[in-house]
1. Only one residue in LEU78, LEU103 is within 16 Å of the chain's Cα centre (by Cα) and at pLDDT 90 or above. Which one?
2. Could you grab me the full set of residues in the range 86-102 that are at negative phi and open to solvent by 20 Å² or more (accessible area, probe 1.4 Å)?
3. Going by what's in this entry, would GLU105 be described as open to solvent by 40 Å² or more (accessible area, probe 1.4 Å), within 16 Å of GLY125 (Cβ to Cβ) and among the charged types (D, E, K, R)?
4. State all residues of the range 24-45 that are closer than 23 Å to HIS106 by Cβ and assigned to a loop (DSSP other than H, G, I, E, B); if no residue qualifies, say none.
5. I'd like the residue in the range 46-85 that is assigned to a loop (DSSP other than H, G, I, E, B) and open to solvent by 50 Å² or more (accessible area, probe 1.4 Å) and, out of all such residues, is nearest to ARG36 (Cα to Cα).
Amino acid sequence: MKDSQHPSAEKTMDYASDYKFLSDESPIFSKKIKSRVSGKKVLDLGCGTGEYLKYFGEGSLGVDISQNNLDLAEKNNLRVAKMNLNQPQDLKETFDVVFTSHLLEHLDSPINLLRYAHNHLNSNGTLVVSVPNELSFIQLRYPYYTHNG
């Protein structure tokens, strides 16, 4: 569904008020991902306030569409840039890892973003993608996914 057709198309998600659970860091990230990306140069697509970006290595970059999110990330000295990921801009650099969490389902063309991610990976780079699961424990406890949108 294109953003213009979505009931809240005018509203940009503000992670701090719209999408906060009890912890900034998911257990899967803590147990399975953090050790694999620690110290690596990572491109964090849809970085929010930098809740994951802060764990990545030197030269890492987070991009997000929300200026409020970026302002909060910058206060923590994180390298961020504003970008509409429906129309991503070439960054003229590559990364060891491209990371994205709960973003693909918000885009007009997720395939285009995956191509973009591939183009910004080093030759032996890693792509880490997380998408919501409506039957997950988090969804059952804190319902954020509905069939209304």
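The values are calculated or read from the model by the stated rules, or taken from the named source; none is laboratory data. Not measured: the values here are computed from a predicted model. Reconstructed Cβ throughout: ideal geometry from the backbone, glycine too, with neighbour counts over all protein chains shown. In case anyone asks, the SASA skips ligands and DNA or RNA and just uses the protein heavy atoms, side chains included. Shrake-Rupley method; radii C 1.70, N 1.55, O 1.52, S 1.80 Å.
1. Just a single option satisfies the conditions, and that option is LEU78.
2. Within the range 86-102, ASN86, GLN87, PRO88, GLN89, ASP90, LEU91, GLU93, THR94, ASP96, SER101 meet the criteria.
3. For GLU105, the condition - open to solvent by 40 Å² or more (accessible area, probe 1.4 Å), within 16 Å of GLY125 (Cβ to Cβ) and among the charged types (D, E, K, R) - is not met.
4. ASP24, GLU25, SER26
5. GLU58
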